[in-house]
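Colleague: Handing you a structure now.
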Amino acid sequence: MNENTQNLKQLPLGDWHRSLGARMVPFAGYEMPVQYEGVMAEHIWTRTEAGLFDVSHMGQLQLMGEGAAEALERITPGNLSALAAGKIRYTLLLAQNGGILDDLMVTNTGDHLYLVVNGATKHDDIAYMRAQLPDSVALHHLEDEALLALQGPKAAAALAKLGIDPHEPDWPKPTDLHFMEAGSFLWRGIPLGISRSGYTGEDGFEISVPSELAETLAEALLELDEVRPIGLGARDSLRLEAGLPLYGHDMTAETLPVEANLGFALSKVRREEGNFAGAERVLAQYPDKAETKRVGLFVDGRQPVREGAVVIDAQGATIGKVTSGGFSPTLQRPIAMAYVPTDMSGTGTGITVEQRGKKIACTVADMPFVPHQYHRKPKL
């Protein structure tokens with residue numbers, strides 16, 4: 001978070017965050033709230049109550065036109081053309097050589113695709129997609145929409161108190177949605193796009209709202225006893241506990257999907273078709289032929305290891321790298337993500353990390369570190 005503070009973009013709710021006492025920091029080209037009362041307290045509140053995050057820096061895109069899903073499939077490995085209306089899929093934006101340019105969520109709204117991409121990469125994503133998509137498919141950047149995330153075990157109860165109505169009488173209420181489902185809603189005449197998804201490992205919702213009305217919605221949510229504002233710091237520690245990668249840190253354009261431990265994003269039908277960007281190179285690693293793999297680490301002692309620390313072998317040679325790390329408020333111990341040789345990626349394997357000349361013992365751990373609490377649809 002050491003970006004130049006000049007020329008930072010402002011969130012629609014920037015002044016509102018400051019009025020709540022937020023400490024603002026540069027992130028993804030924006031000035032964003034990193035904390036209000038403290039990262040530890042905000043983290044624990046989200047795990048036990050409901051936290052309100054402003055994620056308006058994310059890119060919200062609309063893809064329209066005949067064959068839009070099939071066109072997007074040329075540069076993603078997800079089975080998007082089979083995505084039913086109201087359903088969401090996690091997928092990867094792939095360079096022509098198969099490297100990961102971004103990870104994104106794709107929703108079939110019924111008449112178009114709605115995409116949420118990372119804030120730091122959104123302009124590059126848009127340029128790349130426009131260059132790759134046919135002229136018959138229109139890509140719109142929804143720059144006048146804010147995005148709020150309500151996360152935690154009491155998120156659904158809190159959202160229910162607002163009395164949000166489905167856009168159509170026979171559509172489900174927001175709290176009737178299951179994980180990775182979405183719909184269109186109205187609240188006090190304000191149109192909302194709501195998905196049951198998030199980046200914390202908890203149950204929760206992401207809410208797209210017109211920017212000029214975002215403060216009205218945020219204020220209404222904060223009036224509820226269950227809800228407090230949560231900053232970027234706790235968002236990072238929550239997603240780390242959930243084992244969720246952060247683009248630009250845990251994966252880059254040099255990373256292939258299997259290396260990133262994201263093989264699940266390679267849909268079976270797309271693997272069989274092999275007609276997406278970089279497919280030959282990507283599929284050559286599937287399912288377990290990558291030389292390196294992203295894993296979770298339990299760190300011995302109380303000192304966290306941070307991004308940039310290196311994994312070393314018995315002779316002290318660098319054989320991997322830490323990409324995210326910090327102290328887990330839930331587990332009360334340091335945890336990390338790292339790339340290690342695949343033959344060392346098994347759970348329980350001892351790993352040595354070197355940070356500032358100090359050797360630290362670690363153990364490969366299963367992810368997520370803290371179990372996900374998603375509100376999944378019961379299996380029949």
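Colleague: Using bins 10 angstrom wide from zero, how does P(r) for the chain break down, in % of all Cα pairs?
Modeller: Computed distribution, short to long bins: 5, 23, 32, 27, 11, 2, 0.
Colleague: Please give the Cα centre distance for the stretch 320-344 versus the stretch 359-380, rounded to the nearest Å.
Modeller: The two parts, judged by their Cα centres, are 13 Å apart.
Colleague: Have a look at TYR30, TYR199, TYR286 and tell me which one the Gaussian network model of the chain (Cα, springs below 10 Å) gives the largest fluctuation.
Modeller: Most flexible of the set in this elastic network: TYR286.
Colleague: I'm checking a number: the convex hull volume of the Cα atoms of the stretch 24-162, normalised per residue, in Å³. What is it? Mind dumping the intermediate values first?
Modeller: Numbers: hull volume 19.5 nm³, N = 139.
Each residue corresponds to 140 Å³ of Cα convex hull volume.
Colleague: What percent does the relative contact order of the stretch 291-365 come to when contacts are Cα pairs within less than 8 Å and at least six residues apart?
Modeller: On the way: 187 pairs, mean separation 29.0, N = 75.
So the answer I get is 39 percent.
Colleague: Which of GLY301, GLY243, GLY350 ends up with the largest GNM mean-square fluctuation for the chain, with Cα atoms connected below 10 Å?
Modeller: The residue that fluctuates most here is GLY301.
Colleague: Still on this model: Within 10 Å of each candidate Cβ there may be at most 13 other Cβ atoms; applying that plus a DSSP loop requirement, which GluC sites (Glu not before Pro) in the stretch 224-299 survive?
Modeller: Working: sites: GLU226, GLU241, GLU254, GLU259, GLU272, GLU273, GLU280, GLU291; in loops: GLU226, GLU254, GLU259, GLU291.
Sparse-neighbourhood loop GluC sites (Glu not before Pro): GLU254, GLU291.
Colleague: Something else: Distance cut-off 20 Å, Cα to Cα: go down the list LYS289/LYS379; LYS268/LYS289; LYS321/LYS359; LYS87/LYS122; LYS87/LYS268; LYS289/LYS358 and report the pairs above it. Intermediate values should be presented prior to the final figure.
Modeller: Values: LYS289/LYS379 32 Å; LYS268/LYS289 17 Å; LYS321/LYS359 13 Å; LYS87/LYS122 22 Å; LYS87/LYS268 18 Å; LYS289/LYS358 32 Å.
The answer is LYS289/LYS379; LYS87/LYS122; LYS289/LYS358.
Colleague: Right, another one. May I ask you to sort VAL353, VAL269 by Cβ crowding, counting other Cβ atoms within 10 Å and putting the fewest first?
Modeller: Details: VAL353 25, VAL269 11.
Ascending number of Cβ neighbours within 10 Å: VAL269, VAL353.
Colleague: From zero outward in steps of 10 Å, how is the percent of C-alpha pairs of the stretch 273-380 spread across the bins?
Modeller: 14, 39, 26, 18, 4, 0
Colleague: Another one. Within 10 Å of each candidate Cβ there may be at most 12 other Cβ atoms; applying that plus a DSSP loop requirement, which GluC sites (Glu not before Pro) in the stretch 1-66 survive?
Modeller: In loop regions of the stretch 1-66 (DSSP not H, G, I, E or B), the sparsely surrounded GluC sites (Glu not before Pro) are GLU66.
Colleague: Related question: Give the distance, in whole Å, between the Cα centre of the stretch 97-121 and the Cα centre of the stretch 57-91.
Modeller: Answer, in whole Å: 7.
Colleague: Within the stretch 139-204, list the trypsin sites (Lys or Arg not before Pro) lying in a DSSP loop whose Cβ has at most 13 other Cβ atoms in a 10 Å radius. All intermediate terms of the calculation are to be shown ahead of the outcome.
Modeller: Working: sites: LYS154, LYS161, ARG188, ARG196; in loops: LYS154, LYS161, ARG188, ARG196.
Here the sparse-neighbourhood loop sites are ARG188.
Colleague: Could you calculate the contour length gain from LYS377 to GLU254, that is, 0.36 nm times the residue separation minus the distance between their Cα atoms, to one decimal place in nm? Don't skip to the answer; put the middle values down first.
Modeller: Details: separation 123, 0.36 × 123 = 44.28 nm, distance 3.54 nm.
Taking LYS377 through GLU254 to full extension adds about 40.7 nm, to one decimal.
Colleague: Specify, per residue and in Å³, the volume enclosed by the convex hull of the alpha carbon atoms belonging to the stretch 112-152. Walk me through the intermediate numbers first.
Modeller: Working: hull volume 4.1 nm³, N = 41.
Cα-based convex hull of the stretch 112-152, divided per residue, equals 100 Å³.
Colleague: Please compute the length gained on full extension between THR216 and ALA138, using 0.36 nm multiplied by the number of residues separating them and subtracting their Cα-Cα distance.
Modeller: Details: separation 78, 0.36 × 78 = 28.08 nm, distance 3.11 nm.
Extra length from THR216 to ALA138 when fully extended: 25.0 nm.
Colleague: Moving to a separate point now. Note down the relative contact order for the chain as a percent, whole number, built from C-alpha pairs under 8 angstrom at least six residues apart. The partial results should precede the final answer.
Modeller: Values: 856 pairs, mean separation 64.0, N = 380.
Reported relative contact order: 17 percent.
Colleague: Run the helix sum for the chain: -39,500 (n - 2.57) per DSSP H stretch of 4+ residues, divided by residue count, reported at 222 nm to the nearest 500 deg cm²/dmol.
Modeller: Numbers: 9 runs with 69 residues, N = 380.
Theoretical 222 nm ellipticity from helices: -5000 deg cm²/dmol.
Colleague: Say each of GLU307 and LYS161 gets a label point 7 Å from the Cα, pointing the same way as Cα to Cβ; how far apart are those two points in nm?
Modeller: Inter-label distance under the simple model: 3.5 nm.
Where a number appears in this text, it was derived from the coordinates with a stated rule and is not lab data. This is a predicted model, so every value here is computed, not measured. So basically every Cβ, Gly included, is an ideal-geometry build from the backbone, and we count neighbours across all protein chains shown.
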